[in-house]
Amino acid sequence: MTTMNIACKLTVLPYQSIRKTFIRKLRISAFNYDSAGSTQPKVQEEKFDFEDLKTIERVERRNAKIEPFMKNVFVSKYNRDMLAYPEILNKEENTQLENRLSVLEKVFSDPKSSVDDRKTAMRNANIYAATVGLTNGGLAANHTELLRYLELIGTDLQLGQQISDHWVGLNVLKKGLNPDDYMNIVDDLKSGDDTITLCIKERISERLAQPDFRSTAELDDNGIWRLNGEKVCINPSGYLLPLCIVENNRIMAFLVHPEAEGVIFKDNYVLFNNVPATPLQKATDELLSKVLGANRLHTATLCRISLSQAMKSCLDYVRPRFLNGKPLSELTTIRSVIGDTLIHTYASESVEYFIAGLLDGYLEPDAEVEMAMSRNFMANHAQSLLLKLLAIPGVEKQKECLHLLENMRSLSFRGESVDEVNFFIALQGLHYAGNFMSTEIKKMRNPFLNPSFVFKKVLANKSQESDNPKLDLHLAEHLHPTLKPASDNLEYCVKRMRFVCETMLARHGLDVATAYTELTRLAEAATEILAMTSVLGRASRSYCIGVRNAENEMKIAASFVEASKDRTKRLLNDIVDGEYLNLDHFRVQFGKKLLDSTDHIVERPTARVFW
């Protein structure tokens, strides 16, 4: 102990004199500084309050640009990296998202909360400014976060559709307006007092001479754009964002301010009569197509939420009831319907977040086709599943069932019909495939001028003709080994796509755009392939990282892919067989006769030709 005390004194004492000397010199230098400052001009330092400087934006972690995923599938090219299900949000971002959602959930889960209460909660959580940048007081939310918000808000269907249009409209304004004009209007829009409603779809023409696209915009003598026409519109308040035809048959987007003169609302339509509007001149056709495509992705989410509500209503009905002394829940038919609904709900959710990962995770993503597929996948399956679900309560919950059916009907045709979206998917894929295989298609359509090529093509397509393509994509290497049979089913479907596209292009040539039944089948088959990819990637990721209930996800994935492969195989084989073998020709002729005739084309079963 004595030794330690001595050591402490030896090490501390010398520094005491140094400290006194340092303090004395510091006082002298300070005195000299004050005296010098009295004779020299003072230089006032510029102070910054870094908290007030809004110069920080969200850092996006994006990978390098990749080739379009689903367009490549039309030529049987498959990016195996896509089987790694995307992870976009980090831990901090996910925590902030969950905190904001927990606040909203308290209001939306309360059956006593009114629409005004929910709007107030959304306003307090800054949801109306979700797509606005941080520098402008928004959340700078990406597509993955927007889907999470929409899942909660979409339980109120009207609010869900309004906020979806609002988010997409804000992105259109950001792309289409000058920065100064955007800054002048964004403060009004992010508050939520006024929202943006998209006005895209038009009423079907009733007269042959009437053009299909009747909304036009022209400059008046004062240089102001004036709109005329009619659009489908679900929200009669706030800003309107219609698409109109301008000179040279070019489509341009416009912004109509609230309470503008000449705007007339009638039922679900809005009429424009010389309405003044602000043009979004920077929003080109290509840009509008990409931005407005997000509306299709949101529609898929809203359809899924509506189906989930119907399933919940069905479960609440089944659980406490009995049939012939046994619980109603023990009927295998009811369990099968509910299980099938769960499988397709899981698949749709996987597709939506897979596409959001494409949009958020890569530079300049080409995902318009994928967004269209997500919409039609759920719109197609949800309607049939909903009818099966609501057949269980029967007439006992008639009012609620009718409400759920109407919600699904309006969502399925929100902005456009299923056929229109299918034509878009198929034509985009065939256009890409046609450019990729243009030389081969030309030779196939002129076999007498290219006999050697045709002979080689017949030999190369021998396995395809026998419906047994060679599986050489090795997709199973990028998934959990348990999913090997499911990955082979997916690979079979991918390998058949190029052969089917070749067949359609060689059969129809430029007239392929009018082969509507075949286009519909091709679009549905490609959509199933996207769903299989998303489901397998998600289930494999969940099982590998140990997500709770991952075993159930693996079983759901295997069940879905097995059924989806059968649907896809049937669709593609019907295209290859042609209109006579698949009986399309006769169905079309029967429909034509009914449309052309004002009377029945078959006689009653009691008709007689003799007495």
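The values are calculated or read from the model by the stated rules, or taken from the named source; none is laboratory data. Remember, it's a predicted structure, so these values are computed and weren't measured experimentally. Using ideal geometry, Cβ is built from the backbone for each residue, glycine included, and neighbour counts are taken over all protein chains shown. Each accessible area value is taken on the protein alone, full model and side chains, heavy atoms only, with ligands, DNA and RNA left out. Shrake-Rupley method; radii C 1.70, N 1.55, O 1.52, S 1.80 Å.
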Among D267, D220, D194, the single one that is in contact with a Gly (Cβ under 7 Å, 6 or more places away or on another chain) and among the acidic types (D, E) is D194
Residues in the stretch 249-259 that are surrounded by 16 or more Cβ atoms within 10 Å (Cβ to Cβ) and either without any contact (Cβ under 8 Å) to a residue 60 or more places away in the chain or among the aromatic types (F, W, Y) (or both) total 5
State whether one or more residues within the stretch 277-286 are part of a helix (DSSP H, G or I), closer than 30 Å to S350 by Cα, touching a residue at least 24 places away in the same chain (Cβ under 8 Å) and open to solvent by 70 Å² or more (accessible area, probe 1.4 Å).
-> yes
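Within the stretch 310-332, does at least one residue satisfy the condition of being of a type outside the set (S, T, Y), closer than 27 Å to Q162 by Cβ and crowded, with 22+ Cβ neighbours inside 10 Å?
Yes, the stretch 310-332 has at least one match.
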When every residue in the stretch 459-504 that is under 29 Å from the mean Cα position of the chain (by Cα) and not in a helix (DSSP H, G or I) is compared, the one surrounded by the fewest Cβ atoms within 10 Å (Cβ to Cβ) is H474
Subset of the stretch 317-345, residues in contact with a Pro (Cβ under 8 Å, 6 or more places away or on another chain) and in a helix (DSSP H, G or I), comes to Y317
Scanning the stretch 174-188 residue by residue, those surrounded by fewer than 23 Cβ atoms within 10 Å (Cβ to Cβ), in a helix (DSSP H, G or I) and not aromatic (F, W, Y) turn out to be K174, K175, P179, D180, D181, M183, N184, I185, V186, D187, D188
Per the filter on the stretch 411-421, residues free of Cβ contacts under 8 Å to residues at least 12 places away in the same chain and either more than 23 Å from R521 (Cβ to Cβ) or in a helix (DSSP H, G or I) (or both) are E420
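Applying the selection to the stretch 551-591, what residues are acidic (D, E) and either open to solvent by less than 50 Å² (accessible area, probe 1.4 Å) or without any contact (Cβ under 8 Å) to a residue 24 or more places away in the chain (or both)?
Result: E551, E553, D566, D574, D577, D584.
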Reported set for the stretch 357-374 where residues are part of a helix (DSSP H, G or I) and within 16 Å of A64 (Cα to Cα) is G357, L358, L359, D360, G361
Filtering the stretch 425-443 for residues that are in contact (Cβ under 8 Å) with a residue 60 or more places away in the chain and either under 22 Å from N295 (Cβ atoms) or out of contact with any helix residue (DSSP H, G or I) (no Cβ under 8 Å at 6 or more places or on another chain) (or both) leaves a count of 6
One residue is enough: does the stretch 540-550 have a residue meeting the conditions free of Cβ contacts under 8 Å to residues at least 60 places away in the same chain and in contact with a Phe, Trp or Tyr (Cβ under 7 Å, 6 or more places away or on another chain)?
yes
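When you scan the stretch 440-458, how many residues do you find that are within 38 Å of the chain's Cα centre (by Cα) and either part of a loop (DSSP other than H, G, I, E, B) or among the β-branched types (V, I, T) (or both)?
2
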Pairing a residue in the stretch 74-98 that is under 18 Å from V369 (Cβ atoms) with any residue that is aromatic (F, W, Y) and open to solvent by 50 Å² or more (accessible area, probe 1.4 Å), where Cβ atoms lie under 7 Å and the two sit 6 or more apart in sequence or on different chains, gives F74/Y432; V75/F436
Only one of D419, D467 is of a type in the set (D, E) and within 26 Å of T299 (Cα to Cα), namely D419
Filtering the stretch 313-339 down to residues that are within 13 Å of L386 (Cα to Cα) and small (G, A, S) yields S313, G339
The residue that is nearest to N72 (Cα to Cα), considering only those in the stretch 514-525 that are open to solvent by 20 Å² or more (accessible area, probe 1.4 Å) and in contact with a helix residue (DSSP H, G or I) (Cβ under 6 Å, 6 or more places away or on another chain), is E524
By residue number, the members of the stretch 526-550 that are buried (at least 16 other Cβ atoms within 10 Å of the Cβ), of a type in the set (A, V, I, L, M) and more than 20 Å from D340 (Cα to Cα) are A526
Across the stretch 237-248, the tally of residues that are more than 13 Å from R214 (Cβ to Cβ) and either free of Cβ contacts under 8 Å to residues at least 12 places away in the same chain or not aromatic (F, W, Y) (or both) stands at 7
Out of (1) free of Cβ contacts under 8 Å to residues at least 60 places away in the same chain; (2) in a helix (DSSP H, G or I); (3) polar (S, T, N, Q), the one T598 does not meet is (2)
